[in-house]
Amino acid sequence: MVSLKQAAIATAFCLSFANAEVAFHIYHESEFAVMACTALVGKTALYFSKTDKIKYCNVHNQPALGTYAHCIEQIPYKDARKNFLDSCAPFNLTEEQYLAAYNNATKYLTNTTADPTFNKKKIYNKPAILSPKKIVGAWKSEKGRWTNYNYAHYFGMVLMAYWYLVMFVAGLCNLTYFIAPNAVNSLTGGVVNAFRKYITLPATFNKSHAHHKQIFHYLLFLIPSRLETILVSGWIIMAIIFSAVKYTHDTPNVIWPQGASTEVGRKIADRTGLIVGWIVPTLVLFAGRNNFMQWLSGWSYSRFVLIHKWMSRIAFLLSITHGVGMTFNGKGLGKYETRNSKPYVRWGYVAIVCMAIMTVQSLMVFRRSNYELFLACHIILAVFFIAGGWIHTRNDGYHQWYICATAVWAFDRAVRLARLAFFGLRTAEVRLVANETLKVTVTRPAYWKPFPGCHAFIHFVRPTCFWQSHPFTIVDSVAETNTITFYIKVKGGVTHGLYQYLSKQPDNKANIKVTIEGPYGQRQAIQKYENAVFLAGGNGIPGLYYEATDIAKRSEKTNVKFYWVIRHYRSIEWFYTELCKFKNTNITPIIYVTQPHVGLTSPFISDNLNSSDEEEEEQEKKSDVAEESGEYIAALKKNLSFIEFREGRPDFYQIVAEEIKEANGPIGFASCAHGSMVDDARRSVADHLGDSKYRVELFEQIQAW
Ligand SMILES: Cc1cc2nc3c(=O)[nH]c(=O)nc-3n(C[C@H](O)[C@H](O)[C@H](O)COP(=O)(O)OP(=O)(O)OC[C@H]3O[C@@H](n4cnc5c(N)ncnc54)[C@H](O)[C@@H]3O)c2cc1C
Ligand SMILES: *[C@@H]1O[C@H](CO)[C@@H](O)[C@H](O)[C@H]1NC(C)=O
Ligand SMILES: *[C@@H]1O[C@H](CO)[C@@H](O)[C@H](O)[C@H]1NC(C)=O
């Protein structure tokens, strides 16, 4: 419901703005005769002063009307005369008057080039001869120019509609999971499995998806899934074809007599420029957190970011093409320099330069190395891109798309502010546990309801970082009501700042003011599967935990297996209370400890924080504490006797394969762990679909962008 309401508001918002001075217009053949003759007669001789309003419709200006009528009568279009007379309706020109002028002019037609009294700057008083070739040329020139605009609009609309259509289909599929799970579960067998094995499930090149790829040391990539690649490639191919086809070269050209490069350069520029307009609002929408299409399609934010990136890259290439085309046109017309000195052209350059910088600065290397810097630059550049596009197109009324993009953006920001206000400013208890995880506990308003698998963006209101908002998964507290908890892994930015602050506090604990924007995300349909297997790694546990316990509460029948992979036993500390809730449920928890002997007594130092001094210290202490740690582990295992502990690194490929074989009903996997583990699980699901006669589904919950 919320989604529909928001969609409606956003659309209304957009339309009310865009209606202001819409230039959108589809040209019809009936418009070209008047355009062609006006251009051709205008270029041949001067028949009235600039202030004359009646122009060629003036029955008292026989030379003008006569010449015009001779043009119109030779236009290769059956309704040309009617179109002209319609255009003269305000001046009451009748068909008789028109024909009389035509016949009268026949007697006086003069060849202007051969007439010594002819002066192009002075009003001419004889009807002029127009060559039939030029008349047909003029007709074709106008038709060629303006149908190109039509193609630009049609193609732009198709490029935009493509995503909404794909999302609509995705939305229907997503809905079916919830309202008719049995129908989905019956979709098994050869054809369905083959389609899923080769198209929807695997990563593009079979291997990496969640885990980034690296080439040339600095270039990092996230490889999309195969389905995503197919959808995005389809769109890109369409965009390229749409910018390359259906151009005409019309001679003799009344608009661009200078030659083909002037004419075709302009046509390509018009086409690409307009198409960019059509895709800008959607690409802005897809980058927002409150994109209503997320709720409709059930797609994750990271998939929208992927589409956003490729739409932006194509928009950039099209803008470059627009610029090159206009350069050819400007040079041909001799207007290159004068145009470049005009503000609207300069703002066009601003927009293109911003796009160029954005495509580079948004590469993963820069996002990874300093996300906040990336974000700040991205926002500023985007503002200048939109402003540039707006000013550039304003004179022709084509700024409607930039107005729309601004509205979409403003809408997202407004909803974000509203969400923050809705949650309010609250005091959170932040605790550093096991020296690796920040546990944030904060009471929530009763009307602010989290759901399994959701996340929210936290602002820690401290002078050094209050403007930053970082996404973390929510768990509705198992200990208190109306309280939510986050489990934050210490990394290099804000989280590291908090780590340093907390490690100096007594009990490693502090009260910090926070405000929270959320909850975001979609419920996954895994609850509808008879067998649910959760594959969590490290700090990927919160979302999966919330979902698993939710399923256990809803139905006793569901078989729930819960795998959690951690580095060392200490990590259990920050999730201990929650793990205890697994007791006496139908959940089978299995914990893998990959480095069982690390960091038991001395504080664990996470990778990115290690300093060599501390590491050495740790080495020294190790031998003394061996015995002590044995007791620690034994106590832990005793308290958590309902959990199976395994030491070593799990092979998710193998685990998934076995779970599929053993399942005696539809089985769903949810994964949120280290990228390579998640990828193993995905590959295994794709490879072993055929091993079960039931439906096998994967719900990958890790998001990266
Ligand atoms: C939907 C979602 C849920 C998440 N849930 C959890 C969770 O429950 N527990 C947990 O420990 N981590 C979670 N993360 C990861 C968490 O958001 C990042 O680790 C955190 O933002 C890093 O903050 P930092 O300033 O210390 O990062 P840095 O050390 O500066 O960067 C570390 C990495 O985090 C990425 N990153 C930094 N800021 C952001 C941001 N604002 N948005 C997106 N990515 C960012 C960077 O690209 C970089 O790759 C989640 C991420 C997403 C997208
Ligand atoms: C016929 O055309 C000539 C030249 O354009 C013009 O001077 C004259 O007035 C016209 N005659 C009539 C009857 O309109
Ligand atoms: C007009 O006169 C010029 C030169 O006298 C000639 O080349 C041209 O073909 C004539 N145009 C028409 C339409 O007869």
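The values are calculated or read from the model by the stated rules, or taken from the named source; none is laboratory data. Since this is a predicted model, take the numbers as computed values, not measurements. Glycine gets a Cβ as well: all are built from the backbone with ideal geometry, and neighbour counts include every protein chain shown. Side chains included, ligands, DNA and RNA excluded: accessible areas come from the protein's heavy atoms. Shrake-Rupley method; radii C 1.70, N 1.55, O 1.52, S 1.80 Å.
Here are the numbers for the structure shown:
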quantity: Shape call, region 180-220: gyration tensor on alpha carbons, a/c limit 1.5; calculated: prolate
quantity: Distance in nm between pseudo-label sites at residue 104 and residue 368 (7 Å out along the Cβ direction from Cα); calculated: 8.2
quantity: Local electrostatic count, residue 580, Cβ distance below 14 Å [Lys/Arg +1, Asp/Glu -1]; calculated: +2
quantity: Rounded percent of accessible protein surface that carbon and sulfur make up, region 147-265, 1.4 Å probe; calculated: 73
quantity: Paramagnetic reach from residue 422 in region 438-465 [backbone N under 18 Å; point 7 Å along Cα→Cβ]; calculated: 443-459
quantity: Separation of alpha-carbon centers, region 271-303 and region 195-255, rounded to whole Å; calculated: 16
quantity: Members of 197/449; 43/143; 126/335; 134/246; 78/107; 82/133 lying beyond 29 Å, as alpha-carbon distances in this model show; calculated: 197/449; 126/335
quantity: Viscosity 1.306 mPa s, temperature 10 °C, Stokes-Einstein D of the chain from Kirkwood C-alpha radius, µm²/s; calculated: 53
quantity: Exposure rank, largest accessible area first [328, 216, 699, 645; 1.4 Å]; calculated: 216, 328, 645, 699
quantity: Globularity ratio of region 631-691, using Cα Rg and 2.2 N^0.38 Å; calculated: 1.40
quantity: Gain on full stretching of the segment that runs from residue 573 to residue 511 - 0.36 nm per residue minus C-alpha separation; calculated: 20.3 nm
quantity: Cα gyration tensor, region 49-185 - rounded (a/c under 1.5), prolate or oblate; calculated: prolate
quantity: Computed over region 183-299: relative contact order in percent, which uses C-alpha pairs under 8 Å that are six or more apart; calculated: 15
quantity: Residue-averaged 222 nm ellipticity for the chain, from DSSP H runs of 4+ at -39500 (n - 2.57), nearest 500; calculated: -17500 deg cm²/dmol
quantity: Rel. contact order, % - alpha carbon contacts under 8 angstrom, at least six apart, region 49-201; calculated: 22
quantity: Prolate/oblate/rounded label for region 245-379 (Cα gyration tensor, a/c 1.5); calculated: prolate
quantity: Nearest 10 degrees, 0 to 90: helix 494-503 Cα axis against the chain principal axis; calculated: 30
quantity: Residue 378 accessible area, 1.4 Å probe, all protein chains in place, Å² to nearest 10; calculated: 40
quantity: Residue 477 long-range amide H proximity, modeled H, under 5 Å; calculated: 483, 484, 485
quantity: Nitroxide proxy distance, nm - points 7 Å out along Cα→Cβ at residue 395 and residue 92; calculated: 3.9
quantity: Neighbourhood charge, 11 Å Cβ-Cβ cut-off, centred on residue 267 and excluding it, Lys, Arg +1 and Asp, Glu -1; calculated: +1
quantity: Probe 1.4 Å, all protein chains present, accessible-area order of 173, 37, 404, largest first; calculated: 173, 404, 37
quantity: Chain lengthening between residue 164 and residue 339 when straightened (0.36 nm per residue, less Cα-Cα); calculated: 59.3 nm
quantity: Whole-angstrom gap from region 655-673 to region 387-464, using each part's C-alpha centre; calculated: 35
quantity: Heavy atoms of residue 394: accessible area, 1.4 Å probe, square angstrom to 10; calculated: 120
quantity: Between helix 2-18 and the chain: long-axis angle, C-alpha atoms, 0 to 90°, nearest 10; calculated: 30
quantity: Nonlocal amide H pairs with residue 454, under 5 Å, H built at 1.01 Å; calculated: 474
quantity: Nearest 10 degrees, 0 to 90: helix 343-361 Cα axis against the chain principal axis; calculated: 30
quantity: Potential lengthening between residue 302 and residue 361 on full extension [0.36 nm per residue; Cα-Cα distance subtracted]; calculated: 19.4 nm
quantity: FRET efficiency, 1/(1 + (r/R0)^6) with R0 51 Å, evaluated for residue 555 and residue 49 via beta carbons; calculated: 0.05
quantity: Rounded to whole Hz, the Karplus (6.51, -1.76, 1.60) HN-Hα couplings of region 661-675, x for glycine and proline; calculated: 4, 7, 5, 10, x, x, 10, x, 10, 10, 10, 7, 8, 4, x
quantity: Sequence of 270, 476, 507 from largest to smallest accessible area, 1.4 Å probe; calculated: 507, 476, 270
quantity: Percentage relative contact order, the chain, counting C-alpha pairs under 8 Å, at least six apart; calculated: 13
quantity: Cut-off 13 Å between beta-carbons: net charge of the residues surrounding residue 137, Lys and Arg +1, Asp and Glu -1; calculated: +3
quantity: For the chain, share of DSSP beta bridges that run antiparallel, in % to the nearest 5; calculated: 50
quantity: Residue 335 accessible area, assembled protein chains, probe 1.4 Å, Å²; calculated: 100
